[in-house]
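The values are calculated or read from the model by the stated rules, or taken from the named source; none is laboratory data. This one's a predicted model, so the numbers in the text were calculated from it and none came from an experiment. Every residue, glycine among them, receives a Cβ derived from its backbone with ideal geometry; neighbour counts consider all protein chains shown. Ligands, DNA and RNA are stripped out before the accessible areas are found, and what is left, the full protein with its side chains, is counted by its heavy atoms. Shrake-Rupley method; radii C 1.70, N 1.55, O 1.52, S 1.80 Å.
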Amino acid sequence: MTLKLADVVLTYPDGDRTLTALDHADLAVAPGEFAAVVGPSGSGKSSLLAVAATLITPDAGAVTVAGRDVSGASAAERTRIRRDHVGIVFQQANLLASLTTLDQLLVMADLAGRPPRAAAGRARELLAAVGLEGKEHKRPHQLSGGERQRVNIARALMNSPEVLLVDEPTSALDHTRGEAVVALLAGLTREKGLATVMVTHDLAALALVDTVHTMADGVLTHP
Ligand code: ADP
Ligand code: MG
């Protein structure tokens, strides 16, 4: 399994009590598997992705990312694991307003200490793979919402992650563009052998996934 969460408990302080966001959650995603997590707002879906992304260390349980046990890892190790093995796509594309499409991707390679020449080739390949050929020199305000989300996805893949985590990728898009983004994620997952987890409210998106896990009050149930 490329991504594995075992018996994960995550609580947040909530006044003089604690709120249990993840209640003994298990999740296993294999290479090339497109998994969806569905559930109401506030049920713990984004918290699950934050734990899988090594952004939050849970109170209890084990997290394995790309074969590395991150449970006991230092903050520096977790940052390196995240940078080299995890692609993260949030709801809003959060692109840098002053950068071109190509440069949004090159920043990622630069952060990972990769040589710019090889990175430019990879960035152009990825932009072609997400259907953005010819948009390399556009800035975010010159792109549609769907195109910005495609840049976001290509950027997440820049450092060749094994795990791709996607939070509500279609919520800012109309139905047709949303469907196209989910189809793109499904294709990339298969082609690149990614272990992909997509949180979604969009029931139409579920037609293209391999597994659907349901979250309710921090409890994750499996198919
Ligand atoms: P979802 O993504 O399914 O909407 P979240 O994971 O964002 O759910 O939130 C799960 C629960 O944890 C909610 O009750 C939310 O209010 C709470 N929560 C999320 N993040 C924090 C935080 N940083 N501090 C305190 N409570 C939080
Ligand atoms: Mg959320």
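Quick check on segment 80-177: take the gyration tensor over C-alpha atoms, sort the square-rooted eigenvalues as a ≥ b ≥ c, and tell me if it's rounded (a/c under 1.5), prolate or oblate. Before the final figure, lay out each step's value.
On the way: a/c = 1.84, a/b = 1.23, b/c = 1.50.
Verdict is oblate for segment 80-177.
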Practice task
Let me know the charge dipole size of the chain about its Cα centre in debye, to the nearest 20, where only the beta-carbon of Lys, Arg (+1) and Asp, Glu (-1) is charged.
Solution key: 940 debye
Problem - Ellipticity estimate at 222 nm from DSSP helix runs (n ≥ 4, -39,500 (n - 2.57)) divided over the chain, nearest 500 - result: -10500 deg cm²/dmol
Fill in the blank from the handout: Sorted list, accessible surface of protein heavy atoms, 1.4 Å probe, largest first, for Ser160, Ser43, Ser98 is Ser98, Ser160, Ser43
Fill in the blank from the handout: Per the charge dipole of the chain (beta-carbon charges, Lys/Arg positive, Asp/Glu negative, Cα centre), the residue among Val209, Met158, Thr79 reaching farthest to the positive end is Met158
Fill in the blank from the handout: In terms of the charge dipole of the chain, which places +1 on Lys and Arg and -1 on Asp and Glu at the beta carbon, the residue among Val63, Thr221, Pro169 farthest towards the positive end is Pro169
Completion exercise
Judged on accessible area alone, 1.4 Å probe, highest first, Glu179, Glu133 line up as Glu133, Glu179
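Could you tell me whether segment 65-110 comes out rounded, prolate or oblate from its Cα gyration tensor? Rule is a ≥ b ≥ c as square roots of the eigenvalues, rounded for a/c under 1.5, then prolate if a/b exceeds b/c, otherwise oblate. Before the final figure, lay out each step's value.
Details: a/c = 2.88, a/b = 2.29, b/c = 1.26.
Prolate is the answer for segment 65-110, as a/c is 1.5 or above and a/b outweighs b/c.
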Handout entry: segment 5-58-segment 132-176 distance, computed between alpha-carbon centres (Å)
Key = 24 Å
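What's the magnitude of the charge dipole for segment 10-69 around its Cα centre, counting Lys and Arg as +1 and Asp and Glu as -1 at the beta-carbon? Answer in Debye, nearest 20. If you can, show how the numbers build up before the last one.
Values: 3 positive and 7 negative charges, 32 e Å.
About 160 debye.
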Exercise for the section: Would you be so kind as to identify which of Thr11, Gly145, Ala21 lies farthest towards the positive end of the dipole of the chain, taking Lys and Arg as +1 and Asp and Glu as -1 on Cβ and the Cα centre as origin? Expected result: Gly145
Practice task
Using only the Cα atoms of the chain, construct the convex hull and provide its projected area averaged over every direction, in square nanometres to one decimal.
Solution key: 12.3 nm²
Handout entry: Nonlocal amide H pairs with His213, under 5 Å, H built at 1.01 Å
Key = Ala36, Val37, Val38
Practice task
Mind listing the long-range amide H neighbours of Leu19? Cut-off is under 5 Å, sequence gap 5 or more, other chains count too, H placed in the peptide plane at 1.01 Å from N.
Solution key: Tyr12, Asp14
Exercise for the section: Using θ = phi - 60° and the Karplus relation 6.51 cos²θ - 1.76 cosθ + 1.60, list the HN-Hα couplings for segment 4-10 in order, rounded to whole Hz, with x at every Gly or Pro. Expected result: 9, 10, 10, 6, 7, 10, 9
Fill in the blank from the handout: Amide H neighbours of Ile88 at under 5 Å, excluding residues fewer than 5 places away on the same chain, with H built from the backbone geometry, are Leu165
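Quick check on segment 21-142: take the gyration tensor over C-alpha atoms, sort the square-rooted eigenvalues as a ≥ b ≥ c, and tell me if it's rounded (a/c under 1.5), prolate or oblate.
Prolate is the answer for segment 21-142, as a/c is 1.5 or above and a/b outweighs b/c.
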